[in-house]
Structure formats: C-alpha cells, structure tokens
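Read through the structure below, which is laid out as structure tokens, and then see the notes.
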Amino acid sequence: LFSDAEDEDGNAVKLLQPWNIKLTLTDGYLRYPTEYRQTFNGKPQERSIRLVTKNKLNIFDQPKRCIDADDVDDTTCGWARLNNGPGGGAGTYVPHSQGYCCECTIGQTIGTDGTNSRAALDCDLLGQVFGGARAESAHCLRFSESWYQGFELGSAETYFSAYVDIWKPHPVTGNYTLERLTLGPDYPGAGSAANGVASSRVTARLLGSLKPPKDSPVLANKLLLIPQTPLSLVREGLSWWQLIDKERFGLDGTECNKIGVSYEGFHNQARRCETSIGSCLNNQIEDFVAEDNSRVATGLTSTRYRISSFGDPVGIISDDYMSSGIGFRRYYLAYKITQVQPQILSLIHISEPTRLLSISYAVFCLKKKT
C-alpha cells in the first residue's frame, strides 16, 4: 500500500487515493525449445542360430540350411513386416530384416585363415569332413521392448512470470477494483483495461536484460531422449531421460555402433562373418544408461547423460501461441534457476494518470525471495 511519491523534481507529493500493489515473481526456469526428430530403440540385440548343413559323407544327418535370400519367404531369421496390410495388419517385408548367414571359410577349415567365425563355429577340418557336419549360423537383429522419442533442442531461454496485482481506486467513485497484469520474457509489457475511463489505465513493463545466464548449458549439440515404452520405464520419470551427443546417432540407420542402427546397417556391415557377435550394436542408449548407473553405484556423484547432469530438471513445460490466427502449443525442456541471477532482477514500471492532465510514475524492483 502506498500513498506518497516524489515528483520529477524530487518533491514529496501525496496521491489523492492510496494504491495497493502486490508484485509476485514465480520460480525462474531455463527452457529449451524441443522439436521431435525420431524414435530410437533402447538396446538392439543380435540373435544367432547355429545350424548343421548336409554333408554327403554322412547320410544320417538331419540337416538344416541357413536361408537369407531376398526373394525367399521362409528365411531362417524370419522377416519383419510393416503394418500396412489389411486392417493395419502385417504387410510388406521390411528390407534387410531377414538377417544373414555365415559359415566356415575354406581358410578357416584348413587352418590358413586365423580369423574366427562370427558364432564361434567349429571349423575343424576333421570335424567338417569326417564328422559329416558343416557348421553354419544365422544372425538376426532383434529390438528390445524399450523405445525412446528423440528431440532436438534449441537455445536456452529465460522463463518466469511476474504478476502485478493492483487494487486501484476509480477516479470518479473512489471504489477499489482488483486487476492482475501478467508479464514475462515473452510478454514484457501489459496494460489494463480502461473501462471507458482514460485515467484508470495502468501499464507495466519489465526492464533490463531478460537473457539467460552466461553459464547456461548449451544443449543444441545433443538429442533429448524420453522413454516411450514400456510403461514401467515411462513411470520412472526424469531419471531415465537422457541427453546424448548427436555424434552418437545414425539417423538413417545405416551406421554400425550408432544409436538408430537399423536392419540395413546390421545386414550390410563390413566383414560381418569375421567379427564377433554384437559387433555392430555397441554404444546404444541403454549402454549409456548403464554407464551412468555404474558411476552412481561406485559412489560418484556426477553422471554424464542423465538430464540431471546439466542442472535441476523440471521436465517438459508448454505454452500457447498464435500464428496466422491459428493456435499452437510449444514444448520445452525446462531447468530450474536455482540461484537468483542478475537477469532475473527486473523493474516494474507502472504509469497511472492520477490527476487531470498529470501522469505519475512508480518504479519497483522485483526480486524473488530466497
């Protein structure tokens, strides 16, 4: 409540009627605009199937043969299918999802090639020829039940709301009415309704810098990962949200050992039958989750990939905006600003004509209580 002020010459003046003004500043946040990129599997895995193929020297074998041809329906690994069939059911085959086959090379069999077979097959010459069993293996890509939605992030923005509650007297009747003005970095100025009386209008504006603190984390070089399935993982909340460098991702699915590796990348990997099982499927989302969990288990307080590694996370917040007369909603990853920063210290400027042909100004410093 105030009723005294100073004029521009520093002289004390008394308002005809006192005003009651309440200034409230909400918690401050750093917020990062989000844009959906794509969905990633948490932990692709390789399944290997060891088979025995027919050998003419042993007619009693009941052989199975590894099949991975593009034009065969009944492949050893089976086909993944798109949901583009009748009624949204199984439809066309997903290219490269039939996996691939490996067998002992001649060099491995006779001992001139020192490389190992992918499934550690028994390539011994005696076993192959006189045992009547030439080993083969099928290698299939299988996805885990965990899936994460990936989002790109924009630059940090300061976000808070300043509420100006004004109980002001009507210039004619003297009756007090309450009006609230809402300000923030996106809307630094606001004005009250005049209600048909020009002298009752109040305007407020945030003054000073509204930029985020200089030490705000830069997250534009990372992707935000939020669990989508299973529900048990979603219920874990922010503890499973990750921020991982973009260089760890292969968005087209063709790169081994990148998040996002697909059937194509797995099927077409180089020297695929000469490397060990799982060699194309390292550095996946849940590998980074496990790395952070291991750090915590050994007593380290800092993690590298959890969103809490970069501040005190709130989660996703949203606001509404208009474009060409159409309403939209924007979503942001938000962190609390744990300490009052100089950028949060803002000035509220209220102007109110209190006398005919005269305007008085009141300036306030708004600071969040600690």
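The values are calculated or read from the model by the stated rules, or taken from the named source; none is laboratory data. This structure is a prediction, so every number in the text was calculated from the model and none was measured. Counting neighbours? That spans all protein chains shown, and the Cβs are built from the backbone with ideal geometry, glycine included. Ligands, DNA and RNA are excluded from the accessible area calculation, which covers all protein heavy atoms including side chains. Shrake-Rupley method; radii C 1.70, N 1.55, O 1.52, S 1.80 Å.
Observations
- 307, 49, ranked by accessible area, largest first (probe 1.4 Å): 49, 307
- Among the listed pairs 43/336; 14/168; 168/336; 214/258, those beyond 23 Å (Cα-Cα): 43/336; 168/336; 214/258
- The length gained by stretching the chain between residue 71 and residue 161 to full extension, at 0.36 nm per residue less their Cα-Cα distance, is 26.2 nm.
- Sequence-distant contacts, meaning Cα pairs under 8 Å at least 6 residues apart, place the relative contact order of region 221-276 at 23 percent.
- Note on residue 27 and residue 83: with the Förster distance fixed at 56 Å, the Cβ-Cβ geometry gives a FRET efficiency of about 0.80.
- Across region 301-317, computed HN-Hα scalar couplings (Karplus, 6.51 cos²θ - 1.76 cosθ + 1.60, θ = phi - 60°) run 8, 9, 10, 10, 10, 4, 5, 6, 5, 10, x, 9, x, 9, x, 9, 10 Hz from first to last residue, x flagging Gly and Pro.
- Taking a sphere under 10 Å around the Cβ of residue 95 and counting the other residues whose Cβ falls inside, with K and R at +1 and D and E at -1, yields a net charge of -2.
- Cα gyration tensor category, rounded, prolate or oblate, for region 204-282 with a/c compared to 1.5: prolate
- Residue by residue, region 285-295 carries 3J(HN,Hα) couplings of 3, 6, 5, 6, 4, 5, 4, 5, 4, 5, 4 Hz when phi is fed to the Karplus relation 6.51 cos²θ - 1.76 cosθ + 1.60 (θ = phi - 60°); x denotes Gly or Pro.
- Cut-off 11 Å between beta-carbons: net charge of the residues surrounding residue 262, Lys and Arg +1, Asp and Glu -1: -2
- With all protein chains in place and ligands, DNA and RNA left out, the 1.4 Å accessible area ranks 326, 259, 316 as 326, 316, 259, largest first.
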